[in-house]
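The values are calculated or read from the model by the stated rules, or taken from the named source; none is laboratory data. Bear in mind the structure is a predicted one, so any value in this text is a computation, not a measurement. Note that each Cβ is placed from the backbone with ideal geometry, even for glycine, and that neighbours are counted across all protein chains shown. The area values use the complete protein model at the heavy-atom level, side chains included, leaving out ligands, DNA and RNA. Shrake-Rupley method; radii C 1.70, N 1.55, O 1.52, S 1.80 Å.
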Protein chains: 2
Amino acid sequence: MGMTIQEASRKSGLSAHTLRYYERIGLIHAVDRNMNGHRSYTEPDLSWLDFLTRLRSTGMPIADMCRYAELRRQGPETFATRRRLLEVHRERVRAQISQLTGDLEVLDHKIDFYNAQENE
Amino acid sequence: MGMTIQEASRKSGLSAHTLRYYERIGLIHAVDRNMNGHRSYTEPDLSWLDFLTRLRSTGMPIADMCRYAELRRQGPETFATRRRLLEVHRERVRAQISQLTGDLEVLDHKIDFYNAQENE
DNA sequence: GTTTGACTTCGAGTGCGCTCTAAGGCGCAA
DNA sequence: TTGCGCCTTAGAGCGCACTCGAAGTCAAAC
């Protein structure tokens, strides 16, 4: 029924090493095991991994992700706390995008400059 | 005339340690020295540092920046190579922005979800 | 004249996020 | 029954980009 760590790795884009590491540090809570002690990942596990990957790719530090994961484990009464945490993070993501957008413009100008020099 | 490492640090946003480090690894070429051997940064040095900071903040690895700095030192005959290098990098930056934009949307939905739960 | 403080060099240390290694278990195929 | 392949664990190692420490120089302040 569940999937092996290799399948979870393929679907999540995280290495098997990383999946075990995430579990060890508490980002993922005790994945199910099958008869021979092998991990068995469920669809909800995968969705959670995908969300974690979003947090990571937006630059959230692992420690903050652990904090969020801990809140999630505590259930619905932490909804408001989680929301605030994400709102703060969202601001950082917006700032990142606007920084990158500015940087991109500088790159554009530099490339234009080189093009102008080459065509003269 | 030039500015001290502290002034350069303040203006560039990089620590004095980092400025020396960048020089050591060849990102900045032999900054001028005053009578007592202290570094003396010029305006062109600062502009270069600002550009380097753009490359860094867009995620270019130090090694690639060194390569670019080396090409720059070789003069105008490397314009085309530098342009191509920046064009490749620009694509990565665009990809980053689009990734972040997608991530931001996921965050928005999650926050909306929490808001909905709280208001029920 | 000595103390302060900003600078110098070089090499070592740090923090982060993995990433890998070693040693071992289990189930199946030849 | 021996090998293969995938899994397990705990802990060590790595790559990157700094960041810091130690030891020393020098100019100005007291």
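Okay, here's what the table says:
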{"read-out": "Average partner coverage of B:70-80, which counts Cβ from other chains inside 10 Å", "value": "1"}
{"read-out": "For the stretch A:3-67: rounded, prolate or oblate by the Cα gyration tensor [a/c cutoff 1.5]", "value": "prolate"}
{"read-out": "Other protein chain Cβ atoms within 10 Å, averaged over every residue that makes up B:97-107", "value": "6"}
{"read-out": "Charged-residue dipole, Cβ positions (Lys, Arg, Asp, Glu), chain A about Cα centre, Debye nearest 20", "value": "820 debye"}
{"read-out": "Volume in Å³ per residue [convex hull over Cα atoms, computed for the protein assembly as shown]", "value": "181 Å³"}
{"read-out": "Radius 14 Å from Cβ of A:Thr58, net charge of other residues (Lys, Arg +1; Asp, Glu -1)", "value": "-1"}
{"read-out": "Heavy-atom accessible area per residue - the stretch A:5-118, 1.4 Å, Å²", "value": "54 Å²"}
{"read-out": "Cβ charges +1 (Lys, Arg) and -1 (Asp, Glu), total dipole of the protein assembly as shown, debye", "value": "780 debye"}
{"read-out": "Diffusion coefficient, µm² s⁻¹, Stokes-Einstein with Kirkwood Rh over alpha-carbon pairs of the stretch A:5-118 at 25 °C and 0.890 mPa s", "value": "147 µm²/s"}
{"read-out": "In nm, spacing of pseudo-spin labels at A:Thr101 and B:Met35 (7 Å Cα→C-beta vector)", "value": "5.1 nm"}
{"read-out": "Mean Kyte hydropathy of -0.5 or more with a Cα span along the axis of at least 15 Å, helices from DSSP in chain B", "value": "B:43-57, B:62-73"}
{"read-out": "Which of B:Pro76, B:Asn36, B:Asn115, positive extreme of dipole for the stretch B:5-118 (C-beta unit charges)", "value": "B:Asn36"}
{"read-out": "Other protein chain Cβ atoms within 10 Å, averaged over every residue that makes up B:44-51", "value": "1"}
{"read-out": "Innermost chain A residue relative to the axis carrying A onto B, by Cβ distance in angstrom", "value": "A:Ile97, 3"}
